Amino acid sequence: MASQLPLPFVPDPRLTREAFIVAEANAQAVRFIDRWPDWPAPVAALYGPSGSGKSHLTAAWLKAANGLVLPAHALGELSSAALEGRTAIAVEDVDQEPPSLARDRLLFSLLEEASLQAPLLLTGRAAPALWPVVLPDLASRFAAVLAFPLWEPDETLLAALAHKLFADRQLRVPQAVVDRMLQFLERSPAAIRDFVELADRRALAEGRPITLGLIRDLLAG
């Protein structure tokens with residue numbers, strides 16, 4: 001059962017490197033990912049708030065590296081034997097799951113066994129040095145990981161993200177729609193993503209296009 005938990009990575013066409021929006025907030029992380037396979041270290045981490053692009057950038061790297069992604073919530077159920085012969089591995093949202101001795105031992109093993117031929121990419125919301133652990137040796141390893149932030153995006157990036165999220169749904173909207181969204185929504189990628197989904201659902205349910213009028217109705221509600 002445990003040996004079936006590692007998931008072969010199947011990329012979503014929307015999560016390609018070409019579709020990733022590069023801005024000042026994420027440029028450092030993008031430059032590092034783009035260096036693959038010429039990485040200076042076998043282990044690295046991406047960190048930043050929800051919706052900042054960690055999963056998208058990780059997906060682009062996994063496609064290039066032909067790697068697999070491990071669900072952080074299942075790490076405690078895995079064993080090192082289940083990962084024998086691995087290539088590139090990504091573990092996402094490390095700091096969003098409660099630490100356990102089993103989880104920490106596996107993460108420590110992954111860090112110890114990582115090489116430039118079998119690299120490891122970790123993601124989380126906080127910097128790795130702040131990730132909770134129960135295994136003291138793992139804390140020191142996290143603190144030493146080469147880490148790249150993805151900061152809160154500026155208005156230009158949020159606008160580009162809104163257009164991309166609509167385009168992912170085969171929708172083209174006027175710039176006025178995006179401007180209105182940015183004026184009234186929380187300025188976060190997660191809020192933009194959720195609102196685009198809401199607008200698409202409302203437009204489909206009511207059989208109307210996504211116009212400034214529909215956006216006004218949603219914001220008023």
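Placing +1 on the Cβ of each Lys and Arg and -1 on the Cβ of each Asp and Glu in the chain, which of 69, 153, 43 has its Cα farthest towards the positive end of the resulting dipole?
Ranked along the dipole, the leading option is 153.
Under a point-charge model restricted to the Cβ atoms of Lys and Arg (+1) and Asp and Glu (-1), what is the dipole moment magnitude of the chain relative to its Cα centre, in debye to the nearest 20?
480
If you place +1 on the Cβ of every Lys and Arg and -1 on the Cβ of every Asp and Glu, how big does the dipole about the Cα centre of the stretch 98-215 come out, in debye to the nearest 20?
320
Calculate for the chain the 222 nm mean residue ellipticity that helices alone would give, adding -39,500 (n - 2.57) per DSSP H run of length 4 or more and normalising by residue count, nearest 500 deg cm²/dmol.
Calculated at 222 nm, the ellipticity per residue is -13000 deg cm²/dmol.
Cβ under 15 Å from residue 143's Cβ, residue 143 left aside: what net charge do those residues give with Lys, Arg +1 and Asp, Glu -1?
-2
Going by average Cβ neighbours within 10 Å, how do the peptides 126-135, 41-50, 206-215 rank, with the highest at the top?
41-50, 126-135, 206-215
Estimate the FRET efficiency between residue 130 and residue 101 by the formula 1/(1 + (r/R0)^6), using the beta-carbon distance for r and 25 Å for R0, to the nearest 0.05.
That gives a FRET efficiency of 0.80.
Would you look at the GNM of the chain, springs on alpha carbons closer than 10 Å, and say which of 74, 118, 88 moves the most?
74
State, as an integer percentage, the relative contact order of the stretch 2-149 based on alpha-carbon contacts under 8 Å between residues 6 or more apart.
Contact order relative to length: 32 percent.
How far, in nm, would the chain grow between residue 28 and residue 183 when pulled straight, counting 0.36 nm per residue and subtracting the alpha carbon separation?
53.0 nm
Counting only DSSP beta bridges with both residues in the chain, tell me the antiparallel percent, nearest 5.
10
Since every read-out is calculated from the coordinates, none of them should be taken as a lab result. Quick caveat: nothing in here was measured; it's all calculated off a predicted structure. Cβ: placed from backbone, ideal geometry, glycine included. Neighbour counts: every protein chain shown.
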